[in-house]
Structures are given as C-alpha cells and as structure tokens.
1. Quick one: which helices (runs of 4 or more DSSP H) sit completely within the stretch 133-230 and have at least 1 residues that are of a type in the set (Lys, Arg)?
2. Look through PRO297, PRO237 and report the one residue that is touching a strand residue (DSSP E or B) at 6+ places or on another chain (Cβ under 7 Å) and part of a loop (DSSP other than H, G, I, E, B).
3. Would you pick out the residues in the stretch 233-259 that are within 19 Å of the chain's Cα centre (by Cα) and open to solvent by 50 Å² or more (accessible area, probe 1.4 Å)?
4. Would you be able to tell me the number of residues in the stretch 27-37 that are open to solvent by less than 20 Å² (accessible area, probe 1.4 Å) and touching a strand residue (DSSP E or B) at 6+ places or on another chain (Cβ under 6 Å)?
5. All but one of (1) within 28 Å of VAL81 (Cα to Cα); (2) of a type in the set (A, V, I, L, M, F, W, C); (3) touching a Lys or Arg at 6+ places or on another chain (Cβ under 9 Å) hold for ILE226; which doesn't?
6. Going through the stretch 313-338 one residue at a time, which ones are within 20 Å of MET112 (Cα to Cα), in a helix (DSSP H, G or I) and among the small types (Gly, Ala, Ser)?
7. Pick from the stretch 339-366 the residues that are small (Gly, Ala, Ser) and not in a strand (DSSP E or B): which of them is farthest from the chain's Cα centre (by Cα)?
Amino acid sequence: MQSYLANGQHDVYVAGLGSFLPGDPVRFTEIENVLGKLTEAPPKILSWIERMRPIMEEMLGIETCHYALDPVTREPTEDNVTMSVKAAEKAMAMAGITKDDIDLIVYAGVVMENICPPTTVLIQEAMGIPQVAEYAIHSNCTSIYKAIQLAADQIALGRYETALIMTSQLSSPMLRAEHYNQQVLTKPQVLLRWFLTDGAGAIVLTRNPRLGQKRMRVIETYTESIGLGEGPDMYCPIGGHRINMLEAYEKGWHHLTQNFDRVARLALDLGKRAGDRMVDRLGMDWTSIRYFFMNVPTKHIADQMLTDMRRDKNLPNLEFYTKLSEHGYPGPCAIIHGLDGFLQERTPQKGDIMFSVVAESSKWMYAGFVFEYLGPPSEVG
C-alpha cells in the first residue's frame with residue numbers, strides 16, 4: 001500500500017480520541033420543544049411541518065440528539081471553546097499526555113467562536129498552554145479530515161511531535177425559533193432542524209509509538225474539491241459584504257440552507273467516485289478494508305451507501321459504524337464520535353484497516369483517511 005506519509009521521516013499514530021455531547025439526550029419528538037416551535041412562519045410552511053415530522057423521523061433514524069441549550073430557558077450552556085476543551089481532555093487522557101506534551105493544536109469547524117481571534121488561541125488560553133503552534137481550518141464536514149491531514153503531514157516531516165486536533169459544531173444557535181426571520185423561512189431550512197445537533201470531538205496524533213492504549217497508525221489522508229460548476233448546495237451567505245445585520249435578518253441571510261434534492265442526487269455518486277480515487281491512489285484493494293466509516297447525516301443515505309458498497313465491491317461482510325441514531329448529526333464531530341464509540345464498544349484485531357470518506361455538500365469537497373489498528377503499545381511492532 002502506497003502512502004504519501006511514507007515519504008516523511010516518521011510514522012504517525014492516533015493515540016487518543018475524545019467525544020463530548022452537551023446536555024441530556026433529547027428524543028426526536030422533543031427536538032422542537034428544545035429549539036422552540038415555529039409559530040410565525042407562513043401557513044403553508046406550518047402545515048407542511050406537521051405533515052413532514054413523522055416522515056423525517058422514519059427517514060433520518062435519529063432516536064436522540066444533543067444541544068448546548070438549557071431545555072427550559074433555551075439559553076446556551078456551552079460554546080465552541082468549552083466543548084472543544086472537554087473533548088480534548090478525554091482524548092489526552094486516553095493518550096496519556098498532558099498539555100505540556102502538545103506542540104501543535106488545530107481547530108476545525110464551520111463557525112468559529114469569534115470572527116477574530118481564531119478559536120485555536122481561545123482554546124490555548126482556556127487550557128493554559130503557554131506556547132504552541134496553531135492552525136484554524138474553516139470548513140464544514142470535511143474540516144476535521146483536513147485538520148488530520150495537516151497535522152499528520154507536519155508530524156511525519158518531523159516539524160512537530162504531538163498534535164491535539166479539535167472540532168466542534170454549534171447548530172442550535174442557527175436553529176432556535178427566535179433566531180429566524182420566520183416570514184422568509186423556507187422548507188429546506190426547516191428540515192435541518194430535525195437532524196443537525198451540537199457536540200465536539202478531539203484526536204491526538206503523535207510520532208511516539210508508545211502512547212495510548214488503543215493505537216492506530218495513520219496510513220493515508222485524502223482531501224479533494226471536485227465542485228467546479230456545482231453548488232453551493234449547503235450555505236449560509238451572511239459574511240463578507242453581507243454584514244449589515246438588519247438587512248441580513250430581513251433577507252434571511254443568516255438562515256442555514258441545504259439543497260436536499262441535489263444532495264440526494266449527487267452525494268452517493270460523487271462519494272463512490274471519491275472513495276475509488278482514494279483507494280486507487282493508495283494502490284490498495286477494497287477487500288483489505290475491515291471497517292467503513294462514512295460520515296453521513298441521514299439513515300437512508302447511510303443504508304443505501306452500505307448496500308451499494310457491499311454489492312458493487314463484492315464485500316458482503318463490510319462493517320459500517322455510526323452513532324447517528326444516538327447523537328444526531330454534529331457535522332465534523334460525527335467521525336470522531338463514531339471512532340471513539342467504536343473503540344469503546346468493539347475490539348478490532350491488530351492490522352484491521354479502518355476507512356472513512358465524507359462529503360461536504362457546501363461546494364462538493366470530499367475527504368477521508370485510512371487507519372490501521374495496532375492495539376496497545378506492547379503489541380506495536
């Protein structure tokens with residue numbers, strides 16, 4: 001198996017993972033109580049919501065989810081910094097490191113805590129790290145994969161030894177009823193309320209082969225934008241010159257939107273192509289993959305992807321793992337939650353290959369990684 005990482009001076013290992021979910025689990029039927037019911041939208045939208053609610057519950061397959069909101073007052077209980085730090089502390093404990101061992105931090109997410117300074121230095125301040133290199137990556141579902149690639153390459157080249165990578169998603173501020181201009185609300189913007197959730201995740205990468213207990217080696221990472229002429233199919237246009245707050249509210253520029261028809265039509269096909277390009281670039285065979293982690297927001301897409309993969313690649317025993325039903329979809333955090341949950345619930349065999357690919361429909365970017373499970377340090381060759 002070929003790997004660009006092999007051109008570096010060092011192997012790169014996953015030493016720790018950490019997940020954080022704010023608040024108590026919220027059942028699907030209670031989502032609108034926590035986010036607030038929409039009562040001022042046009043009558044056609046309100047009647048459509050009543051018809052769609054049971055359909056979405058079945059289609060999405062989400063049983064519970066989490067929000068950084070007080071369920072009574074709907075006031076925020078966490079922010080990007082506090083959630084990231086809590087996930088980071090779990091990842092560091094799993095890796096067996098302290099803040100003094102970290103020489104690189106990377107934060108990845110779609111909404112930074114402030115326009116400036118970057119979220120990385122706010123996390124640095126909260127953790128009390130006196131000196132550290134830092135990068136902040138602005139993207140949505142692919143952001144954590146891009147962060148893993150950046151940190152893994154830097155470690156492989158020998159620039160840094162141990163990196164703490166964090167991602168978080170705060171969907172609830174954009175989904176709260178009182179934050180919408182309900183008069184200009186559209187159906188796609190309402191649909192997002194039923195599956196986007198809050199959370200954070202963290203991962204520790206290192207070149208030290210003796211850290212952590214559930215070790216994985218980073219075989220390769222992948223990121224690619226193939227959206228020339230397509231989209232954007234998930235967008236929130238506020239920003240840049242659209243910064244007049246009154247005008248933004250009047251026109252609904254602050255509403256997060258997804259073109260669900262186009263996403264349903266493009267995501268699977270483009271995702272399969274991205275997976276094939278990644279496998280071809282590595283010179284690996286699909287049959288070598290033991291576990292498949294596809295970061296997807298809905299059950300029907302996940303089920304279709306797994307069915308197609310098993311059939312098209314002749315992989316009847318390929319295992320797919322996700323925490324979608326328990327967590328909802330916290331964007332880039334979902335892959336960390338999936339990996340973390342998997343290692344808590346399963347016992348992979350040494351040498352098992354773990355493969356992940358994700359689509360970001362905002363402008364059709366794809367990203368992925370290949371990890372090899374190694375086990376505890378005593379088993380590391």
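The values are calculated or read from the model by the stated rules, or taken from the named source; none is laboratory data. The shown structure was predicted, so the numbers you read here are calculated from the model rather than taken from an experiment. Quick reminder, even Gly has a Cβ in these numbers, built from the backbone with ideal geometry, and neighbours come from all protein chains shown. Heads up: the accessible areas ignore ligands, DNA and RNA and are worked out on the full protein's heavy atoms, side chains in. Shrake-Rupley method; radii C 1.70, N 1.55, O 1.52, S 1.80 Å.
1. 143-156, 187-191
2. Only one candidate passes the filter, namely PRO297.
3. TYR235
4. Residues in the stretch 27-37 being open to solvent by less than 20 Å² (accessible area, probe 1.4 Å) and touching a strand residue (DSSP E or B) at 6+ places or on another chain (Cβ under 6 Å): 1 in total.
5. (1)
6. Result: ALA334, single match.
7. GLY351
Here is a yes/no grid of residues against (1) of a type in the set (Lys, Arg); (2) within 20 Å of the chain's Cα centre (by Cα); (3) closer than 29 Å to GLN344 by Cα; (4) surrounded by fewer than 16 Cβ atoms within 10 Å (Cβ to Cβ):
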{"residue": "ALA95", "(1), (2), (3), (4)": "no, no, yes, no"}
{"residue": "ASP100", "(1), (2), (3), (4)": "no, no, yes, yes"}
{"residue": "VAL106", "(1), (2), (3), (4)": "no, yes, yes, no"}
{"residue": "GLY109", "(1), (2), (3), (4)": "no, yes, yes, no"}
{"residue": "GLU113", "(1), (2), (3), (4)": "no, yes, no, no"}
{"residue": "CYS116", "(1), (2), (3), (4)": "no, no, no, yes"}
{"residue": "ALA126", "(1), (2), (3), (4)": "no, no, yes, yes"}
{"residue": "PRO130", "(1), (2), (3), (4)": "no, no, no, yes"}
{"residue": "ILE137", "(1), (2), (3), (4)": "no, yes, yes, no"}
